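*Asks:* There's a structure below that I have some questions on.
The values are calculated or read from the model by the stated rules, or taken from the named source; none is laboratory data. The model shown is predicted, which means the values in this text are computed figures rather than measured ones. Positions of Cβ are backbone-derived with ideal geometry, glycine not excepted, and every protein chain shown enters the neighbour counts. For the accessible areas, the whole protein counts, side chains as well, though only heavy atoms, and no ligand, DNA or RNA atoms are used. Shrake-Rupley method; radii C 1.70, N 1.55, O 1.52, S 1.80 Å.
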Amino acid sequence: MYLVVTKTIYLKSIFGMILGALLTVGIFLLGCTLYTKNSQLDDVIIIVRGGVAIAIFSIPMLLVTIFPSHIVFTGKELPHKYGVRLVKPMILSTVLGFILMIFISVYHTSRLEKLGYIRCSGTPLGYMPAMGVKYVKEPQLCKKKTH
């Protein structure tokens, strides 16, 4: 049984599709930016955990965007059997994002320690607790504020 697509539902679907596409692209670009920022080796480095995971989280966003786009392009609700099939890839990509976030965080930490960086205590200014970690070449740089 299909949902009767009214003009209101159609307009909401267009808005949802555009918003979903913008969020998908934005999340992917943010994740890539955070990852490349983590790869630069300066005297002071702030590692942002989760850059790769954020990029991977754009996959579930893309899958969520399929729901309103189906209404826009076909004028019908997405059949239940296809909607159910989309749930598994969404869950798997979310779990994959968390697993990759852990592995890449461990990789960056060990790589920086091998290169002689020292981890500063506390959370860098402007970062959420446990998300930003500051590494420095010299211990006195831990007290220096970064922007």
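*Asks:* When region 101-122 is examined, which residues are found to be open to solvent by less than 70 Å² (accessible area, probe 1.4 Å) and part of a loop (DSSP other than H, G, I, E, B)?
*Replies:* Gly116, Tyr117, Cys120, Gly122, listed by residue number.
*Asks:* Val5 versus (1) part of a loop (DSSP other than H, G, I, E, B); (2) under 30 Å from Lys143 (Cβ atoms): which is the lone unmet condition?
*Replies:* (2)
*Asks:* Go over the candidates Val64, Val84 one by one and state the one that is exposed (fewer than 13 other Cβ atoms within 10 Å of the Cβ), among the aliphatic types (A, V, I, L, M) and assigned to a helix (DSSP H, G or I).
*Replies:* Val84
*Asks:* Moving on. Under 17 Å from Thr24 (Cβ atoms) and modelled with pLDDT of 80 or more, is that true of Pro89?
*Replies:* In short, yes.
*Asks:* Considering region 69-81 alone, what residues qualify as being touching a residue at least 60 places away in the same chain (Cβ under 8 Å) and either in a helix (DSSP H, G or I) or on the phi > 0 side of the Ramachandran plot (or both)?
*Replies:* If the condition is that a residue be touching a residue at least 60 places away in the same chain (Cβ under 8 Å) and either in a helix (DSSP H, G or I) or on the phi > 0 side of the Ramachandran plot (or both), then Ile71, Val72, Gly75 are the ones that fit.
*Asks:* Please count how many residues of region 83-112 are in contact with a strand residue (DSSP E or B) (Cβ under 9 Å, 6 or more places away or on another chain) and among the aliphatic types (A, V, I, L, M).
*Replies:* 1
*Asks:* One residue is enough: does region 5-23 have a residue meeting the conditions at pLDDT below 75 and either touching a Pro at 6+ places or on another chain (Cβ under 7 Å) or farther than 18 Å from Ile104 by Cβ (or both)?
*Replies:* yes
*Asks:* Condition check: buried (at least 16 other Cβ atoms within 10 Å of the Cβ) and touching a residue at least 24 places away in the same chain (Cβ under 8 Å). Does Met131 satisfy that?
*Replies:* no
*Asks:* Taking Phe98 and the conditions (1) surrounded by fewer than 17 Cβ atoms within 10 Å (Cβ to Cβ); (2) within 13 Å of the chain's Cα centre (by Cα); (3) free of Cβ contacts under 8 Å to residues at least 40 places away in the same chain, which numbered condition does it fall short on, given that it satisfies the others?
*Replies:* (3)
*Asks:* Can you say whether Thr8 is out of contact with any helix residue (DSSP H, G or I) (no Cβ under 9 Å at 6 or more places or on another chain) and either more than 27 Å from Lys144 (Cα to Cα) or not β-branched (Val, Ile, Thr) (or both), as far as the supplied structure shows?
*Replies:* So Thr8 passes the test.
*Asks:* Now for a different question. Does any residue of region 47-61 turn out to be modelled with pLDDT under 80 and more than 13 Å from the chain's Cα centre (by Cα)?
*Replies:* Checked region 47-61: at least one residue is modelled with pLDDT under 80 and more than 13 Å from the chain's Cα centre (by Cα).
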